[in-house]
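A.B. asks: What follows is a single structure, and I will ask about it in a moment.
Each value in this text was obtained by applying a stated rule to the coordinates, not by laboratory testing. Since the model is a prediction, treat every value here as computed from it, not as a measurement. Cβ atoms come from the backbone with ideal geometry, glycine included; neighbour counts cover every protein chain shown.
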Amino acid sequence: MGDLTMNILGFAAVNRDLTVEVRDPITRNIVKEAKPFLDGTTRIPKLDPGAYEITVRHPNLALPVIRRPIRVLPTGDTKISVLIDPSQFRDTPIEEVPEANLTPVRGIARSVAETVTLLTNKHPGEAILSQDWNGLGSSVRDLANAFGESMQLVSPVGHSHPEYVAKFDEITSNFRELLNTLSSAMAELQRQIQADRLRQQVIDVLQTAKVDPASPKGKELLDPIDNLTKAITSSPTQYGRDVRNSAVQISTKFEALLDEKQSDPAFAGSDQVKSLSTALDLHKSQTSTSYASELEHHRVLDRNLGGGLLALKR
């Protein structure tokens, strides 16, 4: 048995919350589990030599932070280093804005009050002297300037709070990234479901035509679907192109099979033939260029062909 020493680099602030799992790559069972030190160092003792998969998880993230295959050496310690992408933990606090110093404004307001107080003792018929008027005018001016200064200190011009704008942009970016991740995962799951359904439809037609799916003729109809399953993780544009190509290839062989079975009208009118014909027409119309439009196309397939995953289970 050997020991595994791993250094987790890239974002030390999350090291204390991480969990390292060593999994069997075939059964996916957890062989060992460990918590790293604050510096990211993790030591996992007594591992049998061979291939494993390292998974690093954080409680705040649904998906693993890191997932990669490793091999434990038969002699000596196995040492590896992994790098964390800090953008996965992007949740910066709102920027601290210095508090406005209103003491000078408050001082001016008090001095205005004291100046005007001297003018509140006038009696009826008493003359208003020039110095009284000048003092009142100066006080109004000082009060207006103080009020304008307080507006600049308390609220930026146009009520633009850059610290909130930056935080909202970050939240929007995080949500968009999460939405893209979920959309791609949902689209890939739908691709597998649709490929399995198309395969089953082809097999049903072959069995109705009394053609062995393992025969050369059967493989001609099934091979394009095998190519389609290899494109599960492609972009929506590339996947749409692959779907159309596969549907055209299957349609060509399917029409040849229909020509061979012209003497059997029951075959051409069977539900299996009608279902496959509808599916091929829908697949040939796959022109999605985004995950959103692709998911909508998958919904069209489910509405016309029925059920999706539930139909496959039946």
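A.B. asks: Quick one: Karplus J couplings for the stretch 220-230, per residue in order, coefficients 6.51, -1.76, 1.60, θ = phi - 60°, nearest Hz, x for Gly and Pro?
C.D. replies: 4, 7, 8, 4, x, 6, 4, 5, 5, 5, 6
A.B. asks: Calculate one ³J(HN,Hα) per residue across the stretch 14-26 by plugging θ = phi - 60° into the Karplus curve 6.51 cos²θ - 1.76 cosθ + 1.60, and present them in order as whole Hz with x for glycine and proline.
C.D. replies: Taking θ as phi minus 60°, the curve returns 9, 4, 5, 9, 7, 10, 9, 10, 9, 10, 6, x, 9 Hz for the stretch 14-26.
A.B. asks: Could you give me the radius of gyration and the Dmax of the stretch 170-313, taking only the C-alpha atoms into account and expressing both in angstrom?
C.D. replies: Taking only Cα atoms of the stretch 170-313, I get Rg and Dmax of 16.7, 66 Å.
A.B. asks: Can you list residues whose amide H is under 5 Å from ILE66's amide H, if they're 5+ apart or on another chain and H is modeled 1.01 Å from N?
C.D. replies: Under 5 Å from the amide H of ILE66 lie the amide H atoms of VAL56, each far enough along the sequence or on another chain.
A.B. asks: Please list the non-local residues whose amide H lies under 5 Å from the amide H of VAL31, H modeled 1.01 Å from N, same-chain partners needing a gap of 5 or more.
C.D. replies: Long-range HN contacts for VAL31: VAL22, ARG23, ASP24.
A.B. asks: I'd like the Karplus ³J(HN,Hα) series for the stretch 81-86: coefficients 6.51, -1.76, 1.60, θ = phi - 60°, whole numbers in Hz, and an x wherever there's a Gly or Pro.
C.D. replies: 10, 10, 10, 8, 7, x
A.B. asks: Still on this structure: Quote the charge dipole size of the chain about the Cα centre in Debye, to the nearest 20; the model charges only the Cβ of Lys and Arg (+1) and of Asp and Glu (-1).
C.D. replies: That gives a dipole near 980 debye.
A.B. asks: Which pairs, out of LYS210/LYS230; LYS35/LYS167; LYS217/LYS284; LYS35/LYS230, put more than 26 Å between their alpha-carbon atoms?
C.D. replies: Flagged as over cut-off: LYS210/LYS230; LYS35/LYS167; LYS35/LYS230.
A.B. asks: Which one is right for this structure if semi-axes √(5λ) of the Cα gyration tensor in Å is calculated from it: [x] 32, 24, 20; [y] 60, 31, 17; [z] 72, 36, 12?
C.D. replies: Checking each listed value against the structure points to [z].
A.B. asks: Then there's this: With +1 on the Cβ of every Lys and Arg and -1 on the Cβ of every Asp and Glu, and nothing else charged, how large is the dipole of the stretch 170-313 about its Cα centre, in debye rounded to the nearest 20?
C.D. replies: Around 60 debye, computed over the stretch 170-313.
A.B. asks: Once the dipole of the chain is set up with Lys and Arg at +1 and Asp and Glu at -1 on Cβ about the Cα centre, which of ASN15, HIS58, LEU222 lies farthest towards its positive end?
C.D. replies: LEU222
A.B. asks: Remind me, relative contact order of the chain in percent, using alpha carbon pairs under 8 angstrom and six or more residues apart?
C.D. replies: Rounded, it is 12 percent for the chain.
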